[in-house]
Each structure stands twice: as structure tokens, then as C-alpha cells.
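This report concerns only the one structure given below.
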Amino acid sequence: MAKNYIDDDTFLGRWIAGALSKDELKAFEQSETFKQFEIINRESQLLAGPNIDTETALQIVKQKLQTGAKTSKVKQLWYAIAVAAVLILSLGTFLTSNKTYTTAIGEKQTIRLADGSVINLNANSSLSHKRFFWLHNKVVKLTGEAYFKIVKEGPFVVNTSKGAINVLGTEFNIKDRTQFEIKCYEGKIRFTKLDNTDTTKDFTLTKGSQILLDHSMIKEQTFKEDTPDWKTGISKFTDQPLSIVLEELTCLYPITFDINTIDTTRLFSGSFTHNNLENALQTTLIPMGITYQKPEGSPIIILSK
Amino acid sequence: MLEKEPSVCEEHNYNKLFRKFYEPATKYIYYKCGNFQQAEDIVQNVFIKLWKLCNTITYSKAKSYIYTACNNLFLNDVAHQKVKLKHQKTLTDTIDYESPDFIIEIDEFRKKLKAAINTLSVKEREVFLLSRVEKKTYKEIAEITGLTVKAIERRMSIALRELRDILGKDIKV
């Protein structure tokens, strides 16, 4: 009997597919190796392939597609742009950031600017200017009160809550509290009111002249002293409402007033010192016929008639 | 009038193809390389490519693309490696069964059968497993592998002969 399965190279393949002729099959079934092939065939068909989780794989593929090379390059570009933008913005913020000087109540400070100008900052005030490139555009912002001694070199601008003061090498004092007052001690300055767009309506101040802004009305006055009182350690008042005097006191001493029924519109003429609270209170309040109580350890001064 | 073919670029069509062909393609590659993780990676990459090329592959051509691409990736990826099926480790030393009649230890035999299948060459193993485990006809296998039915009959015959050579002594008739 011919060993078909060896001689015929497709014989076993055809047997598996059931494609053998009747005679071929009969002969094969009687061969001694048939049983072995049959067992191999039978057992092979009992084997199981791997378990495959198609849905999970689909999710994985979709994730890979989203984070695939093409999109990630675009994303990387966006990240780079974002990082660059943040750097530019933060550098820009730093370059355009302001330097601010602030004085607390009762504190005074002398500031020397990059161009050599000197500013004396009175108590409870602040001055700020650009940290970089300030010399190209000399602008400072003031709240409170300060005395300016500006060098004669290029334009200099002081911005306040009430308007701008243009300067060319001079000395002047700005007080921007409840009361707004500019005093020119040297040279010439120009005041542009905040809401004023017509430059012909600007006020020009020369040595010895001052302006007082009262309910947006500008009063021009003259004065005689050559340096602001506050710089010498006293505050002087001439026919000023009591409220302004009390405000000045709260700027220079860490106190607040309990006004009670006191009429603060009454006018006061006189002065107080900056280095002795008891003395300052006596010199301002007693002439006005006001008594005061100062509870121990409390910043509140209680006023009464 | 020609009926317009569904576009592979449409997600529901793509999902349909995935659900239809992911499993058989993964098994096909698994039978070739013997590493399930590798098989899944290959087939998943093919499906990623299919999505990217969805404009150029028609729905009816997707099946042959998937199998061809899987095979190509497999050849690129692992053909150079010595490939063995995972359950290779269950191979035990050949024990000569003294028992007179039949196979006693059917479990032992199955382990040996798997081990023997592992030793087949890739060509024979893929055909043998697609036919015996996946119960595919030679025509279907021919479609997947790109071979002729004649070639498959030949490879099947070789596979069976080799398995018998290895296992014959374990089968006492």
C-alpha cells in the first residue's frame, strides 16, 4: 500500500478538507498512521485561540488616533506658542511694572529719581513711576503730598487724581488729599486739570503762586515762604476748615477722630508740630474750644465741646 | 447605476470594520508571531493607518488591506526574530508512555500538541491554526494569506506530517 500522505504533498491537506476520493479515504483509514493523524486533527480542533477584547482595542486605537503623531506636532507647536506668549507677557509685565514708594502715617521719605530729581514724600502718601525706560518719558504718579525738586533736563510730568502738572526744572509742592493744592517755589509749572482737553485753559504757576482746587473751582493765591511747612516738621494753616486740619493730623499721627457733634467746617488758623501728638492736639483743638479724650491704648480721639 | 460604497472615513463604518476584522486579524498575527501583545500592537497600528488612509481605501477593499497590512507589519516587525508561541513554556520533556492502548493523559497530550505546533514554521503554523482552530476554509485562508488553495493544501499536509513525527510516539494505537 502506497504511503499517499508522504508521496502526495497535498494528500493530508485534502483529507482535512474532506476532498479525498472514496478510494483514497478508504485506503488511508486502513493505514496504521491514520489513527494518529485523526487524533492530532481532533485534538487540534479543541484548541482555543486567544481571547480578544475588540471594544477595548477600539478605544485604544481611537485614543492613539487622537494623540497620534500628526496632532501631537500641532499640539506641540501650540504649547511652544503658549509658553513663548507667557514669557513675553511676563517680561513685558516686568518691564512695564511700576516702582512705588509709600509712606505710612507719620512717616516721611526722600526719593532720589534716576535723573537726579529729589522728591520729599509727606506722610500717608505714595509715588510711583515706571521701573524701566523712565528717563525717556519722565512721568510720576502721586497720591497724597510731596515736595518736588526737579532738575532742568527734559519734561517732567506729575499725574494726580485731579490733573497733570508739567514741569521744567523747578521746585514745587503738591498736596492731593481732600484738598488739592499746588505751590510753586521755583521756576514755572503748568497744571492741566484732569477733565480739561483745551490746553489754553491750563494754569501756569510761577514762583510764589499757588492754586487751590475747591469743588473743581480753581482759586489762585500767592504765598511767601520758600519751603513747605511740612518739610520743617510743622503743618501751618490759614483760614482752613477744621476737617482739613483733622485730616492732616491723621496723616501724621496714627489716630482717628470721633467727631461727635463738632462742626468741622469752622475755619482754623495756626499750626501743629509733627513730632508730638499731645502738643499737636492741644495747639489745634484748644483754640477752637474743643476738648478731647484719648483713651489709653486706643487710636481713637473723642472730641466734644 | 453604481451603488455608492460606504465611506471608511465615516466613524460608524470604520467601527463596523473594526468589530468585524480586529479579532480575526489579531488571531492571524498571533498564530504567526506567538506574542499576543505584539499581535494586538500590529493590528491596532494597521487600523490607525486605515483611518488615516480612509479616503484612499474603499469599504470593500478594507478587508484585504487589513490582512495585507498586518502581514507586512508582521514581516517588518518580527519576522527576523525567532518566533515562538507563548505556551512554549508548557513544553515538557518527552515521556514515553508505556500504557498499552491509548493516550492516558489527555492533558499531557494537549500540552505536547501545543508545544509541537509551536515548533512548526510560521508558514505551516498559521495555515494549520487558521484551519483547525478558527475553522476557516482553505478558500478563506487563501484570501487572508494571499496564497493559493493548492499551496495551503501543501502546507497543511506538511504541518500534519510534522506533528505526527513529533507526537507519533505519544499516540499508542
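Ordered by packing density, taken as the mean number of other Cβ atoms within 10 Å over each peptide's residues, highest first, how do B:48-54, A:183-189 rank? Can you show the working numbers first?
On the way: B:48-54: 16.9, A:183-189: 20.9.
Descending packing order for the listed peptides: A:183-189, B:48-54.
To the nearest 10 square angstrom, how much accessible area does residue A:81 have with a 1.4 angstrom probe?
Accessible area of residue A:81: about 80 Å².
Could you order B:22, A:101 so the one with the most accessible surface comes first? Probe is 1.4 Å.
Greatest to least solvent exposure: A:101, B:22.
How much of residue B:149 can a 1.4 Å solvent probe reach, expressed as accessible area in Å² and rounded to 10?
That residue has around 60 Å² of solvent-accessible surface.
Counting each DSSP H run of 4 or more residues in chain A as -39500 (n - 2.57), what helix-only mean residue ellipticity at 222 nm follows after dividing by all residues, to the nearest 500 deg cm²/dmol?
For chain A, the value works out to -9000 deg cm²/dmol.
Positive end of the dipole of chain A, charges at C-beta (+1 Lys, Arg; -1 Asp, Glu), about the Cα centre: which of A:79, A:300, A:114 has its Cα farthest in that direction?
A:114
Please report, as a whole percent, how much of the solvent-accessible surface of chain A comes from carbon and sulfur atoms (probe radius 1.4 Å).
Ligands and nucleic acids excluded, carbon and sulfur reach 55 percent.
Using a 1.4 angstrom probe on protein heavy atoms only, which residues from the stretch B:154-173 are buried by at least 20 Å² of accessible area when all chains are present rather than their own chain alone?
Going by heavy-atom accessible area, the residues of the stretch B:154-173 that drop by at least 20 Å² are B:154, B:157, B:160, B:161, B:164, B:171, B:173.
Under the Karplus relation 6.51 cos²θ - 1.76 cosθ + 1.60, θ = phi - 60°, what is the ordered set of whole-Hz ³J(HN,Hα) values for the stretch B:134-145, x standing for Gly and Pro?
For the stretch B:134-145, the Karplus curve yields 8, 6, 8, 6, 4, 5, 5, 5, 4, 4, 5, 8 Hz.
Determine the order of A:126, A:243 by accessible area, beginning with the largest, at a probe radius of 1.4 Å. Could the numbers behind the result be given before it?
Numbers: A:126 30, A:243 50 Å².
Largest accessible area first, the list is A:243, A:126.
Averaged across the residues of B:44-54, what count of C-beta atoms belonging to other chains lies within 10 Å of each residue's C-beta?
Neighbouring Cβ atoms belonging to other protein chains average 3 per residue here.
Does a label point 7 Å from the Cα of residue A:201, set along Cα-to-beta-carbon, have any residues of the stretch A:161-185 with amide nitrogen under 11 Å, and which are they?
Answer for this model: none.
Pick out, from A:194, A:182, A:154, the residue whose Cα sits farthest towards the positive end of the charge dipole of the protein assembly as shown, with +1 on the Cβ of Lys and Arg and -1 on the Cβ of Asp and Glu.
About the Cα centre, the residue reaching furthest to the positive side is A:154.
Loop only by DSSP, 12 or fewer other Cβ within 10 Å of the Cβ. Give me the GluC sites (Glu not before Pro) in the stretch A:1-63 that pass, ordered by residue number.
Sparse-neighbourhood loop GluC sites (Glu not before Pro): A:32.
Please give every one of the lysines within straight-line cross-link reach of residue B:112, meaning a C-alpha to C-alpha distance under 25 Å, and leave out same-chain neighbours fewer than 8 residues apart.
Counting by Cα, and skipping residues close in sequence, residue B:112 has these lysines nearby: A:35, B:27, B:32, B:82, B:84, B:86, B:89, B:123, B:135, B:136, B:169, B:172.
Using a simple charge model, +1 on the beta-carbon of Lys and Arg, -1 on the beta-carbon of Asp and Glu, nothing else, what dipole does the protein assembly as shown show about its Cα centre, in debye to the nearest 20?
1120
Take peptide A:47-56, look around each residue's Cβ out to 10 angstrom, count Cβ atoms belonging to other protein chains, and average those counts.
6
Which value in nm describes the separation of the simple spin-label points at residue A:101 and residue B:149, placed 7 Å from the Cα toward the beta carbon?
Simple spin-label model gives 10.2 nm for this pair.
Using a 1.4 angstrom probe, figure out how much accessible area chain A has per residue, in square angstrom, rounded to the nearest whole.
Per-residue value: 56 Å².
Just check the stretch A:239-285 against the gyration tensor rule for me: Cα atoms, a ≥ b ≥ c as the square roots of the eigenvalues, rounded for a/c under 1.5, and otherwise prolate or oblate depending on whether a/b exceeds b/c.
Note, shape of the stretch A:239-285 comes out oblate.
Would the protein assembly as shown count as rounded, prolate or oblate if I go by the C-alpha gyration tensor, calling it rounded below 1.5 in a/c and otherwise prolate when a/b exceeds b/c, oblate otherwise?
Prolate, since a/c reaches 1.5 and a/b exceeds b/c.
To the nearest 100 Å², how much accessible surface do chains A and B cover up together, summed over both, with a 1.4 Å probe? If you can, show how the numbers build up before the last one.
Numbers: alone 19110 and 10950 Å², together 26180 Å².
Buried area (both sides, nearest 100 Å²): 3900 Å².
Please list, by residue number, every one of the trypsin sites (Lys or Arg not before Pro) in the stretch A:50-138 that is coil in DSSP and has at most 14 other beta-carbon atoms within 10 Å.
Details: sites: A:62, A:64, A:70, A:73, A:75, A:99, A:108, A:112, A:130, A:131, A:138; in loops: A:108, A:131, A:138.
Listed in order of number, the matching sites are A:131.
The values are calculated or read from the model by the stated rules, or taken from the named source; none is laboratory data. This is a predicted model, so every value here is computed, not measured. A quick note on method: Cβ atoms are made from the backbone with ideal geometry, for glycine too, and the neighbour counts reach across all protein chains shown. Just the protein is used for accessible areas: all its heavy atoms, side chains included, with ligands, DNA and RNA removed. Shrake-Rupley method; radii C 1.70, N 1.55, O 1.52, S 1.80 Å.
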